[in-house]
Number of protein chains: 4
Amino acid sequence: MAYTVGIVGAAGYAGVELARILLGHPDFELRAITSNADAGQALGSVYPAFAGVEGAGDLVFSTHDDPVLTTCDAVFLAVPHTAALAAAPGLLDAGVTVIDLSADYRLSDPGTYERWYGVSHTSPELLQDRAFGLPELFAEDLDRAAERHAAGAPALVACAGCFPTATSLAAAPAVRMGWVAEGGPVVVDAISGVTGAGKSANARTHYCSADENVEAYNVCRHRHTPEIEQILGLDGRVVFTPHLAPLKRGLLSTVTLPLAPSAASLTAEEAVSAYRSFYEGRPFVRVLDAGQVPKTSSVAGSNACQIGLAVNHEASALIAIGAIDNLCKGAAGQAVQCANIVFGLDERRGLPLVALPV
Amino acid sequence: MAYTVGIVGAAGYAGVELARILLGHPDFELRAITSNADAGQALGSVYPAFAGVEGAGDLVFSTHDDPVLTTCDAVFLAVPHTAALAAAPGLLDAGVTVIDLSADYRLSDPGTYERWYGVSHTSPELLQDRAFGLPELFAEDLDRAAERHAAGAPALVACAGCFPTATSLAAAPAVRMGWVAEGGPVVVDAISGVTGAGKSANARTHYCSADENVEAYNVCRHRHTPEIEQILGLDGRVVFTPHLAPLKRGLLSTVTLPLAPSAASLTAEEAVSAYRSFYEGRPFVRVLDAGQVPKTSSVAGSNACQIGLAVNHEASALIAIGAIDNLCKGAAGQAVQCANIVFGLDERRGLPLVALPV
Amino acid sequence: MAYTVGIVGAAGYAGVELARILLGHPDFELRAITSNADAGQALGSVYPAFAGVEGAGDLVFSTHDDPVLTTCDAVFLAVPHTAALAAAPGLLDAGVTVIDLSADYRLSDPGTYERWYGVSHTSPELLQDRAFGLPELFAEDLDRAAERHAAGAPALVACAGCFPTATSLAAAPAVRMGWVAEGGPVVVDAISGVTGAGKSANARTHYCSADENVEAYNVCRHRHTPEIEQILGLDGRVVFTPHLAPLKRGLLSTVTLPLAPSAASLTAEEAVSAYRSFYEGRPFVRVLDAGQVPKTSSVAGSNACQIGLAVNHEASALIAIGAIDNLCKGAAGQAVQCANIVFGLDERRGLPLVALPV
Amino acid sequence: MAYTVGIVGAAGYAGVELARILLGHPDFELRAITSNADAGQALGSVYPAFAGVEGAGDLVFSTHDDPVLTTCDAVFLAVPHTAALAAAPGLLDAGVTVIDLSADYRLSDPGTYERWYGVSHTSPELLQDRAFGLPELFAEDLDRAAERHAAGAPALVACAGCFPTATSLAAAPAVRMGWVAEGGPVVVDAISGVTGAGKSANARTHYCSADENVEAYNVCRHRHTPEIEQILGLDGRVVFTPHLAPLKRGLLSTVTLPLAPSAASLTAEEAVSAYRSFYEGRPFVRVLDAGQVPKTSSVAGSNACQIGLAVNHEASALIAIGAIDNLCKGAAGQAVQCANIVFGLDERRGLPLVALPV
């Protein structure tokens, strides 16, 4: 039996990645793809990979107010922040489960949201019961959402952002196991491919700007900072510097964590072993052997996350590195993974497990 | 029910692409992957995309003489030329169907083979009954192989090369419909990504040589020339110049065909319409609207071929452009497509239909 | 002694390449850089390579009507077509020599201009005396312009386009030496880097569209077609298909010329030798040994053109390949080379002779 | 008057960049280029950018024992570590000034050298008087070397490594001004282009491995770690994680420094202002305005270093980012800059000040 789903904002990069996955998903039937900018155009003409593909190329974008959305079992919101504030309450009222890829319902504290995003939160009452969409670290949240859904009530899932996903999957086990020293900066230097900058054509996304270049951006003011701090429980300690590199898909987060005195003699092998126990049974997270490093090309196009670990004993620090595909595990894939769980399906259902080997 | 298969040469780029496809194929069970150079190593350590993937990462390369091969229903040969000459006869004798990705059984005339490859053909008697593996143009060949296979006899399929596949899919309908003038050069200028140069690390495949560079190579002496001429029936007329461009996967072939007087008034729209009839029912070939151009990024990772057509009336020429993924439709995907047909399955079975949209 | 110069359209890619070259030129003093869109901004803030560079970073863009322009010895027009029609007559009237990088004065026949560019030519009377700016093939034109300039009269130089430059340098010697058969298409398949698509940020120049992709564009309708035909004297015979590849700078043109019966036995070595005589004394053109191929990375950033030659005797065709940097020899570098000649300087003056080796 | 120079190891990437610069240098005459692997070959055939270039393409590589070397005024050693140990003493004995690009004479303490490089130092007596080749931070060293050279004695310059150069130019002013807290890790996350991995063709430098990929490497064990600690005086505190990104030239180092209580209220603007005073009169270092970020594409091909600064007050950290071209300011350009100083020339002499703007 297929559940019906829709995508609001399907013409953006995360949205079309959702379309790719949902069109091949055995349990979801894609009923509506919306884009105010591209309404009336066919999917195959906006994204030529779908041109001429039976059952996909001819799908036509409708506008965000498409009435079909309220008839779906679930709707994915692949929209900028504030647009989810506008759409989610109505869908939930109509009984539709909402899988939100935007930042609107991620931060538990509406005050933090307002400080970092510069706008008021218009439905803070929804924050309490929303599930945080990062299944490997917030399993209970999603289990509660699944129960709710099974009981006939719509659920709201706030999927984690791309940088917080890679960063937290790499750092959370260390934090939760008490390895991290109290006080002092936790440094997150991350590198993203250009799809992370979105579909908008501008001076920064021009091929001739991005090619053969690496640069930092939004230094000390990237909005994923409070989200990382919230997930890891490291308020005011995260120094997050994102970088842009010349590739399409891929995100690598290198996290340097000062070790607590009690963890001063931790070896990389012990860290790997503890991480593997932590992530046991989670098919998308792959903790590499000590001495191995994650590569973004090893996960691109898939929902996988690779994690590598090393210890610097002289400086007493753990280096935890996470690699994901920012559009898949960092956005669309994770959203479908969450939806699978909410609908009671195997979390792998319909999701690409392996990247192209070359 | 699953058929058992093996891959000889599974550590090369076409071989590992075969592994990727076959590991996800619902009707084939991958029993052996061989590589003399990497024997004893795990797939996941040679290609880290498979690291930690259940049922894949731990597969271990055996040597080319692995006895498991002769117990398989089919073996794919992803080896350089002459290595297939060495392997195919024995496998066929053992009753194993052989899907050969090398050049060894492509050319009908062993003399042509010997002239272009500089070695003697050691099993010319197999050429007569081999099927030419380009399903959209040689359907009868594969139907015969399927009958043979159904009757319990092993089949030999000689899959088309990457440049011949894109070039012929773009040009063959025009030739078969009699649009091409007699005499004069038919110019094939094609561009390939660097996976086309293979896994060997050398001065040409070094990142710092290939990046930010385009160049021609093997001008007037690329071995795919006689294969293109054979498929199209254009002996001695093809001027084939392959080029290398800085991308991983993707092959674009631009074919300029002089129009016969009888086709002088052909329009692009008429050409598109005739091509669509020609390829009706072939799910992987997508003929674009007049005015549209194929993109390699629209087919990369999939088994699709996009074709674009334009007419230059002043110079009386048809420009036919084909785009494929050289490792998929140009190698491993086409091989599996052929195997599907030989085993009586839907030709799409287990094959990626759509590229990543971004 | 320094001549004073200005650049109209200095914020585009060809314009800023002119700025780079002229700022380092020992005989030209850059007095004005104009850009209506960026007027008031500093060069170093629009192009951060100049940020903080003494004597360059603080140069401020003025508008196209900057009165300083009419006081210069020469003005370079790096503007789209029709904008040069608007600017050149006034500058010439003011006694300023004009080096035009646009297409406006390239085509000798205003009717051809109007047919391909869709606008009327408003100063066809200037076409007769303009010099065609491709020094290696139109030396007399530039000598006449130099005489004119020496005599105190302003000169107008219409610099060749990027594709015509690479194509004609590769093909013209063969045509002029009578090697090319009469009748039949002359096929020009060329590949350009993305700087060739200009500074405008749009769906095609977005990194995520251009990266890992090759495609043809403007098939059968690229406006450089009549320019190539004019230079080579091959009216109605050129089938020109430009392609876009994922690199910043670089243009490779592969020209396939049918050989005349009298040239049927030409060898590549003979062709190389004849080409070397043809280009003797021209420091920017480098004819490679037979068997060698030009690389765009070997000329990027420099004003050089590499040429490679091969002969296909079976199909009776010469393959002539030219590689240039589209922004340098294909635009700004060639413009400065022309200006050097017009001002009586060594043509190499101030121009980069060698690309980065890696 | 020209000084005579030679390059040992001229066929590697740093060596050929030296050749490029020295061939265009007005005060140095390149007498010998050596390469044991390519001895007998012409520069233009190994690096086709030089093919056909007058006075360069025909230069022939000799072996490392070329007797011409001992007749030069200075010799540049662009060799792997230990090879400089083998070559420098003899050259110095012959009265030749040595500009060493290897790591052999960088570390002041031979014990540290032996611990990190795994070999004994065979001429520790030379360490005391060698100048450390990072002119903006070790001006006195180079002044002393210049005096020595002016007095007729040969000098030994140990040029800084690529990561230490970018990292130290970004971090040293903060350290020297006392802004950095005592204790706790100083995190250096740096990104290098693939030229940093050298000319050797291997699995890591293969285009199809490096393209569309970012990864860390040599985590916690990169040999530039002790060099950074020595320059900055931060023994045992540097956590250095280098990353590889898909570009040819360029190195970006992001340094996160915990602020001392006395510097807790430092603003980015104050930091910029202090840095500009620190680097006053140094033409290659460009400290960007607060809010601006350095780009590797803004320095590639030039000897420039761009520095960007930001302050995270909540976590009390300074983020200092440096961008250089790893082959130029990170290797060959810096070596020539040092040689200029030692020979009493303007440090800019013969060096590229500005990157290609696009």
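Projecting the Cα atoms of D:214, D:256, D:233 onto the charge dipole of segment D:163-326 (Cβ charges, centred on the Cα centre) puts D:214 farthest toward the positive pole. Of interest is the spacing of the C-alpha centroids, which for segment D:317-346 and segment C:274-336 amounts to 34 Å.
Under the criterion of Cα pairs below 8 Å and six or more residues apart, the relative contact order for chain B equals 17 percent.
Each Lys or Arg adds one and each Asp or Glu subtracts one; over the other residues with Cβ under 9 Å from the Cβ of residue A:4, this totals -1. Note on residue A:277/residue A:94: beta-carbon distance plugged into 1/(1 + (r/R0)^6) with R0 of 45 Å gives a FRET efficiency of 0.60. Label-point spacing at residue A:144 relative to the other copies reads 6.6, 6.9, 8.5 nm, in ascending order, each point sitting 7 Å out from Cα along Cα→Cβ. Label-to-label distances for residue B:118 across copies, nearest first, come out at 3.8, 5.3, 6.5 nm, using points 7 Å from Cα in the beta-carbon direction.
So for segment D:163-326: antiparallel DSSP bridges make up what percent, rounded to the nearest 5? Don't skip to the end; give the middle numbers.
Working: 24 of 34 bridges.
For segment D:163-326, the DSSP antiparallel bridge percentage is about 70.
Here the calculated FRET efficiency for residue A:70 and residue B:151, from their Cβ-Cβ distance with R0 = 51 Å, stands at 0.35, rounded to the nearest 0.05. Using the Cβ-Cβ distance between residue B:264 and residue B:128 with R0 set to 56 Å, the FRET efficiency works out to roughly 0.90.
Using Cα pairs closer than 8 Å and at least 6 residues apart in sequence, work out the relative contact order for segment C:163-326, in percent. Let's see the in-between values first.
Working: 338 pairs, mean separation 48.8, N = 164.
It comes to 30 percent, rounded to a whole number.
For residue C:58 and residue C:235, the difference between the fully extended length at 0.36 nm per residue and the C-alpha to C-alpha distance is 58.9 nm. Computed with a 1.4 angstrom probe on protein heavy atoms, the C-D interface buries about 2500 square angstrom of accessible area in total.
Each copy carries a label point for residue C:291 at 7 Å from Cα toward Cβ; from one copy, the others' points are 4.4, 5.0, 6.1 nm away, ordered from shortest.
Remark: C-alpha extents of segment C:212-309 on the principal axes read 36, 33, 23 Å, sorted largest to smallest. Past 24 Å, Cα to Cα, is the threshold; run A:248/D:199; A:329/D:248; A:329/C:199; A:295/B:248; B:295/C:329; C:295/D:295 against it and keep the listed order. The answer is A:248/D:199; A:329/D:248; A:329/C:199; B:295/C:329; C:295/D:295.
Under a Gaussian network description of chain A, with springs only between Cα atoms under 10 Å, the residue in A:278, A:240, A:163 that fluctuates furthest is A:278. Within the full protein context, the accessible area of residue B:116 is estimated at about 60 Å² for a probe radius of 1.4 Å.
Kindly identify the protein assembly as shown as rounded, prolate or oblate by the Cα gyration tensor criterion: order the square roots of the eigenvalues as a ≥ b ≥ c, call it rounded if a/c is under 1.5, otherwise compare a/b with b/c, prolate if a/b is larger, else oblate.
On the way: a/c = 1.36, a/b = 1.01, b/c = 1.34.
The shape class here is rounded.
Over the residues of chain C, the helix contribution to mean residue ellipticity at 222 nm works out to -7500 deg cm²/dmol, using -39500 (n - 2.57) for each DSSP H run of at least 4. Taking amide H positions as modeled 1.01 Å from N, with prolines and chain starts lacking one, the residues under 5 Å from residue C:291 and 5 or more places away or on another chain are C:309.
Could you list the square roots of 5 times each eigenvalue of the Cα gyration tensor of segment D:301-355, that is, the equivalent ellipsoid semi-axes, sorted largest first and rounded to whole Å? Write down the numbers at each step before the final one.
Working: eigenvalues 184, 27, 15 Å².
So the equivalent ellipsoid measures 30, 12, 9 Å along its semi-axes.
The Cα-based radius of gyration and maximum Cα-Cα distance (Dmax) for segment C:163-326 are 15.8, 50 Å. Look at the Cα gyration tensor of segment A:64-212: its axes a ≥ b ≥ c give a/c of at least 1.5 with a/b at or below b/c, and that counts as oblate.
What dipole magnitude, in Debye to the nearest 20, does segment C:218-337 give about its Cα centre under +1 on Lys/Arg Cβ and -1 on Asp/Glu Cβ? So the magnitude is around 500 debye. Counted over chain D with a bin width of 10 Å, the fraction of Cα pairs per bin, in whole percents, is 5, 25, 35, 25, 8, 2, 0. The residues neighbouring residue D:121, those whose beta-carbon lies less than 10 Å from its own, together hold a net charge of -4 under the Lys/Arg +1, Asp/Glu -1 convention. Using only Cα atoms, locate the centre of segment A:247-264 and the centre of segment A:2-48, then give the distance between them in Å, rounded to an integer. Comparing the Cα centres of segment A:247-264 and segment A:2-48, I get a distance of 34 Å.
Centre-to-centre separation between the Cα atoms of segment C:79-140 and those of segment B:180-196: 36 Å.
The values are calculated or read from the model by the stated rules, or taken from the named source; none is laboratory data. Please read these numbers as outputs of a predicted model, since none were measured by experiment. Virtual Cβ from ideal backbone geometry, glycine too; neighbours counted across all protein chains shown. Note: areas computed on protein heavy atoms with side chains; ligands, DNA, RNA excluded. Shrake-Rupley method; radii C 1.70, N 1.55, O 1.52, S 1.80 Å.
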